[in-house]
């Protein structure tokens, strides 16, 4: 777990000074003191304004230094040009933390960045933790603090067990307003702004130990440190004492979105593949929109986790029951089988037209009592892991009474009971009752289905076997020598034979090969390796060997080899006369029966080496069926990488073919992870193809290349 | 266009008699008269109850016959056992239509089905149109009629331009309640129940000409007649005078959902592929859930159609702008380029920190005037086809004033202006204003993005070139002879050589081949066709030829052919000694450079021949990259079939390969469509593979088989 300086001082200061409090209404300088006072801040509040005598009935201080008592935290609203001065004063005063609301820093360009750097230098000198600049503020609804140090309109949010971290202040404010209308409460709300000091990583660590927080929502435009984010989130999402789900939106998924994001925050977002990799590795639930985010947040914050994926649906209408069934099955849940015992128990209590199979249809004229009978049965059934209750308002339907039944049976239950009362007018009171009694309610059944699925996935994630980073015995020195040689020669491209040297040093299963500088060596090496052999041109200048006639397969004897040499040299000289030729690479001709897979690495400027895995061939390119992970990866990570491609079933033995040696691919991926983690010079790397044989028969690196950074 | 008896009499009767009106509250017999009276039904209403003197202040008649005046329509609520009697009475009385609310018919089993048949026979005798039985009723909000002949709770829906057809009464009731809460109005509401007489097809035809209806929503568990549905919906969705979008939910997508549906409605739903095909062919927008349905319905019913796919986004917050951009791009829209002219015009009117690129960010402190400036600019810009306006409620935001700006600029505009005010409390009044002024508003920007996409798709659908069913000159008689011969022999399986005969009769490009009953013929035929050749076993009993050693490729000369014959006969006798052997099929060995595709047909019990197209090979199986259409298909349909597979790019010439002769695949698909439409005996058919050569070089049927129905 990475170690950070603590940031509690931003959430529970005993005293706050607002620097730049204002007398004018509808200004941030007025909204923040108002929010702090109306929110019921339990600490000591000071307002600083050089001109005003008092604001909102509170006396004003001319300067921060003029405040008689200690000040734990300052909230800074003054013009960006004088923030540095305020920080210096704060340092002198012994202030521990600062929320800098003020905009006009890094997000506006070079000049702003210089200002921000200056502020940060002072903060570091005095060890002041900074939230922002350019943020909406921080809210802590804990009764002991009741701190609304933000200019979010609408005042203090309701208390709840959800923490919301947002890189967009405006979106944060909108979400607080939305949540208020939906009876959703928060434990903490943090607007991070420019993340000059505190990033999502420290906030997440803080929230892991926060007893008020059960669920964490995150809106980010870019992550500050991907590897640390993975480490922290893995801990939080699979903490054996108390794991907490993290639900994240990373906006700027598309190139156009990323462009909009970069013009907005002044920072370049990594590619979306990196983010998919990071979220997959960290156990974070990535969502695409706010609807999804709140659907899942509701379930996680209000319902216990299910033990498995078997769902029972209770409904008073067939149609929505069918739609819920579809949604459950599509998202990977299973309909629980209702046992004969339970059916026999239910039969006399429900009308003869009721359907006792799952979905259980209590029929349109059901009053609350029928719902109670059916819900009790499935809530007590060990073959049911979660329950979705659907209600459509019909003439005789008892919406509110049914809601009460749901609260009674679901509130303290050991399994999730989610509900969907479809409607708006007749269902309003009942829905309010459900929401205000802490139940997860959805407008339409699909919301309940997909939320239950995410809960099941989260439980599975928590139960996964834990593996460590495997450390292979390798010859890093030998690998480095190859790379340093190329570097010394000013070359960024390491052709096959050099790449093979590096691979061998790290124990990759490279095929038998030998670099042969001349015709005779080629023939004798071929004889030693054993026919048939493959001949490939070896040149630091030729990247696409096939295109220059630089590959000859299936050479059967010495004559073939000699002849191939002659033809190849002539052809290459013709096509690329300036290419430096090292000779040829003579390789064993691999036996048939293998499958081609591709391994690759691309070092992301921000997050480091991004590993890729996929099957070889055109179709896989067309279907973009590849998977990514940020290195280093653990043993389970390698396994998951392989399993997560759609064409994985081809490796498992499709249509009677033997299963491929997936274990050996996994081993190669782990070695690759170690290689690119060890050697930062590697900018890009391809193994294409890695030939995989049936189980127990291993795999072989048949071709590859490396690109290095010169500095 | 199919021809139906008119059903107006179900929507605008001049007089209605409710048979089974009741004095008891909270009964259907009381709810329906109440809904008719309170809804303001403009015609003459009669209540029939043999015991009551009056109900709801209206006098009661003992029987239908006792009513003095004419009765256009009856609403039947009495017990299922006496519905037939009522119908007979209605026939005598000259009633034109009946809504049968009563349940207990086909949906409860054989006995109920008999009752339903009896009722239908009477209805046909007297030419009475029936809605139901087992339905919620019919609503017509047209001022001239104001007919709420349903027991939906909540009374008359608001008037609007959306028609809703539902196979589930309960869902219909729930949706009416939901819509009421969302300020969504309806033109017509129809609960179809068992569809004993009137189905979605007649209702759709009626709605096509209904001036009150602009958008049609459909919830179905199964369609009554797929081919007619396609014909009708194609007309409605691409009517040059006034096309109307149809948005449909077909529940029971999964096997489990379909099972739930069949236990619910007593009818077997077709496979989901058939439905995907039907919806694709008919121009119907298929959605998976109610959220989507209402998102799209809002846009279509409230905004004009866009001319193209270029969107402008105006926002007061970066984050949601990025999210909207992502959602637009992912769903196939394009961000409009804001011209320098417009930027120059906007610059002095917006603060320097505002972003003038698309999304246009008017910044968090924007009042309504800034929105007005930006929205006016993009609404007037010819490079913009549609606009999404996003608002987050911040301290100074003028929610209501901004809503007014949107209504002013959007209400009578020629391009869609969709909005998303993110929030719930601060935004409530503004959202109500938008909704009640007929604007399409969404909780989150993604709803607006995806709705705009569907509008663009709908416009494209309407603009597609129209093609007809191509009628090839074929030899149907020859094809039938082959099939009748197999039929006469009691065989359902037509092996390759017979399938080829059928294909040839329909002008398919079958490869050169000849059935050779003995070794010598095989050799001489091979010599005539030209070496190399392929030899395949010809047997009505062998389905998987490769598995019994029944395929030999690349036979180079006469000796090869003779030897292959010997080996094959020995092997086949060994593996499948009882197989009747016709000899072998000698075929030309096709040149390389072709791509394998697969064509197939499976006759759906309910909807007829379902055609399939996909690329050959394992990957395509793994990725399930195939497409379906119900035969017959038009020329454009064949083209769309080919283009709609993901791997289509492989046929267009991937990575420098020549493009395949797609035209010739299309031709083969059209011939196949004609074949399976002409000959109903064909139950299943495979062409696997069809080898396609580069453009202009055609394609060849290399293998195939047919399964026929014996009766």
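The values are calculated or read from the model by the stated rules, or taken from the named source; none is laboratory data. The structure displayed is predicted, hence computed values, not measured ones. Cβ sites come from the backbone with ideal geometry, for glycine too, and all protein chains shown count toward neighbours.
Tally time: how many residues in the stretch B:455-481 are buried (at least 22 other Cβ atoms within 10 Å of the Cβ) and farther than 17 Å from residue B:640 by Cα? I'd like the intermediate steps shown before the answer.
Going residue by residue through the stretch B:455-481, those that are buried (at least 22 other Cβ atoms within 10 Å of the Cβ) are B:455-456, B:458, B:479.
Still in the list and also farther than 17 Å from residue B:640 by Cα: B:455-456, B:479.
The qualifying residues number 3.
When A:78, A:86, A:95, A:138 are checked against the criterion of being part of a helix (DSSP H, G or I), touching a strand residue (DSSP E or B) at 6+ places or on another chain (Cβ under 9 Å) and either within 14 Å of chain B (Cβ to nearest Cβ) or in contact (Cβ under 8 Å) with a residue 24 or more places away in the chain (or both), A:86 stands alone in meeting it.
Identify, from the list A:346, A:375, A:367, the residue that is surrounded by fewer than 18 Cβ atoms within 10 Å (Cβ to Cβ), assigned by TED's automatic domain parsing to the domain that holds residue A:433, in contact with a helix residue (DSSP H, G or I) (Cβ under 8 Å, 6 or more places away or on another chain) and touching a residue at least 24 places away in the same chain (Cβ under 8 Å). So that I can check it myself, show each step before the final result.
Details: A:346 fails: surrounded by fewer than 18 Cβ atoms within 10 Å (Cβ to Cβ); A:375 fails: surrounded by fewer than 18 Cβ atoms within 10 Å (Cβ to Cβ).
Criteria check complete, one pass: A:367.
Might you check whether a residue that is away from chain B (no Cβ under 14 Å), surrounded by fewer than 24 Cβ atoms within 10 Å (Cβ to Cβ), outside any loop (DSSP other than H, G, I, E, B) and out of contact with any strand residue (DSSP E or B) (no Cβ under 8 Å at 6 or more places or on another chain) occurs anywhere in the stretch A:222-229? Yes, that holds for at least one residue. Selection over the stretch B:269-288 of residues that are out of contact with any helix residue (DSSP H, G or I) (no Cβ under 6 Å at 6 or more places or on another chain), free of Cβ contacts under 8 Å to residues at least 60 places away in the same chain and away from chain A (no Cβ under 14 Å) gives a count of 1.
Condition check: within 28 Å of residue B:237 (Cα to Cα) and more than 14 Å from every other protein chain (Cβ to nearest Cβ). Does residue B:468 satisfy that? Working first, answer last.
On the way: within 28 Å of residue B:237 (Cα to Cα): yes; more than 14 Å from every other protein chain (Cβ to nearest Cβ): yes.
It is true that residue B:468 is within 28 Å of residue B:237 (Cα to Cα) and more than 14 Å from every other protein chain (Cβ to nearest Cβ).
From the list A:536, A:573, A:558, A:552, the one residue that fits, being surrounded by 21 or more Cβ atoms within 10 Å (Cβ to Cβ) and modelled with pLDDT of 90 or more, is A:536.
Scan the stretch B:378-388 for residues that are in a helix (DSSP H, G or I) and surrounded by 24 or more Cβ atoms within 10 Å (Cβ to Cβ) and the total you get is 1.
Here are B:356, B:375, B:350: which of them is within 14 Å of chain A (Cβ to nearest Cβ) and on the phi < 0 side of the Ramachandran plot? Just a single option satisfies the conditions, and that option is B:356.
Looking only at residues in the stretch B:614-646 that are in a loop (DSSP other than H, G, I, E, B) and without any contact (Cβ under 8 Å) to a residue 60 or more places away in the chain, the one that is farthest from the other protein chains (Cβ to nearest Cβ) is B:631. Residue A:260 meets the stated requirement of being in the same structural domain as residue A:144 (by TED's automatic domain parsing), out of contact with any strand residue (DSSP E or B) (no Cβ under 7 Å at 6 or more places or on another chain) and buried (at least 23 other Cβ atoms within 10 Å of the Cβ).
Across the stretch A:389-433, the number of residues qualifying as away from chain B (no Cβ under 11 Å), assigned to a loop (DSSP other than H, G, I, E, B) and either touching a residue at least 60 places away in the same chain (Cβ under 8 Å) or in contact with a strand residue (DSSP E or B) (Cβ under 6 Å, 6 or more places away or on another chain) (or both) comes to 4. The set of residues in the stretch A:602-613 that are surrounded by fewer than 22 Cβ atoms within 10 Å (Cβ to Cβ) and in a strand (DSSP E or B) comprises A:602, A:603, A:604, A:608, A:612.
Can you tell me which residue within the stretch A:14-34, out of those that are in a loop (DSSP other than H, G, I, E, B) and farther than 19 Å from residue A:63 by Cβ, is farthest from the chain's Cα centre (by Cα)?
The initial filter retains those residues of the stretch A:14-34 that are in a loop (DSSP other than H, G, I, E, B), namely A:14, A:20-27.
Next, from what is left, pick out any that are farther than 19 Å from residue A:63 by Cβ: A:14, A:24-27.
Working: A:14: 35, A:24: 42, A:25: 41, A:26: 38, A:27: 36 Å.
Once the filter is applied, the top-ranked residue is A:24.
Is it the case that some residue within the stretch B:590-598 is under 24 Å from residue B:682 (Cα atoms), in contact (Cβ under 8 Å) with a residue 60 or more places away in the chain, out of contact with any helix residue (DSSP H, G or I) (no Cβ under 6 Å at 6 or more places or on another chain) and away from chain A (no Cβ under 14 Å)? Yes, because at least one residue in the stretch B:590-598 is under 24 Å from residue B:682 (Cα atoms), in contact (Cβ under 8 Å) with a residue 60 or more places away in the chain, out of contact with any helix residue (DSSP H, G or I) (no Cβ under 6 Å at 6 or more places or on another chain) and away from chain A (no Cβ under 14 Å). Considering every residue within the stretch B:355-362, establish whether at least one is closer than 23 Å to residue B:296 by Cα and assigned by TED's automatic domain parsing to the domain that holds residue B:320. For the stretch B:355-362, residues closer than 23 Å to residue B:296 by Cα and assigned by TED's automatic domain parsing to the domain that holds residue B:320: present. Is at least one residue of the stretch B:344-361 closer than 22 Å to residue B:441 by Cβ and in a helix (DSSP H, G or I)? Looking through the stretch B:344-361, none of the residues is closer than 22 Å to residue B:441 by Cβ and in a helix (DSSP H, G or I). Residues of the stretch A:145-157 that are within 11 Å of chain B (Cβ to nearest Cβ) and outside any strand (DSSP E or B): A:151, A:152, A:153, A:154, A:155, A:157.
Taking the condition of being closer than 30 Å to residue B:186 by Cβ and part of a loop (DSSP other than H, G, I, E, B), how many residues in the stretch B:302-331 meet it? Total satisfying the criteria: 7.
Here residue A:436 fulfils each of the conditions (1) within 30 Å of residue A:296 (Cα to Cα); (2) away from chain B (no Cβ under 14 Å); (3) modelled with pLDDT of 95 or more apart from (3).
State yes or no: is residue A:337 surrounded by fewer than 24 Cβ atoms within 10 Å (Cβ to Cβ), facing another protein chain (nearest Cβ under 9 Å), assigned to a loop (DSSP other than H, G, I, E, B) and touching a strand residue (DSSP E or B) at 6+ places or on another chain (Cβ under 9 Å)? So that I can check it myself, show each step before the final result.
Numbers: surrounded by fewer than 24 Cβ atoms within 10 Å (Cβ to Cβ): yes; facing another protein chain (nearest Cβ under 9 Å): no; assigned to a loop (DSSP other than H, G, I, E, B): yes; touching a strand residue (DSSP E or B) at 6+ places or on another chain (Cβ under 9 Å): yes.
So residue A:337 does not fit the description; no.
Restricting attention to the stretch B:183-206 and to residues that are in a helix (DSSP H, G or I) and touching a residue at least 40 places away in the same chain (Cβ under 8 Å), the residue that is nearest to the other protein chains (Cβ to nearest Cβ) turns out to be B:203.
Whether any residue in the stretch A:17-28 is surrounded by 15 or more Cβ atoms within 10 Å (Cβ to Cβ), within 14 Å of chain B (Cβ to nearest Cβ) and in contact (Cβ under 8 Å) with a residue 24 or more places away in the chain is what I want to check.
To start, the set of residues in the stretch A:17-28 that are surrounded by 15 or more Cβ atoms within 10 Å (Cβ to Cβ) comprises A:17-23, A:27-28.
Add one more test, that the residue is within 14 Å of chain B (Cβ to nearest Cβ), and what stays is A:22, A:27-28.
Retained after the next criterion (residues that are in contact (Cβ under 8 Å) with a residue 24 or more places away in the chain): A:22, A:28.
Yes, the stretch A:17-28 contains a residue that is surrounded by 15 or more Cβ atoms within 10 Å (Cβ to Cβ), within 14 Å of chain B (Cβ to nearest Cβ) and in contact (Cβ under 8 Å) with a residue 24 or more places away in the chain.
Being more than 14 Å from chain B (Cβ to nearest Cβ) and crowded, with 24+ Cβ neighbours inside 10 Å: is that true of residue A:164 here? Full working, then the answer.
Values: more than 14 Å from chain B (Cβ to nearest Cβ): no; crowded, with 24+ Cβ neighbours inside 10 Å: yes.
When the stated conditions are applied, residue A:164 does not pass them.
Of the residues B:685, B:636, B:650, B:675, only one is farther than 20 Å from residue B:501 by Cβ, surrounded by 20 or more Cβ atoms within 10 Å (Cβ to Cβ) and within 28 Å of the chain's Cα centre (by Cα); which? Just a single option satisfies the conditions, and that option is B:650. Scanning the stretch A:167-182 for residues that are in contact with a strand residue (DSSP E or B) (Cβ under 9 Å, 6 or more places away or on another chain) and assigned to a loop (DSSP other than H, G, I, E, B), we see that the one that is farthest from the other protein chains (Cβ to nearest Cβ) is A:167.
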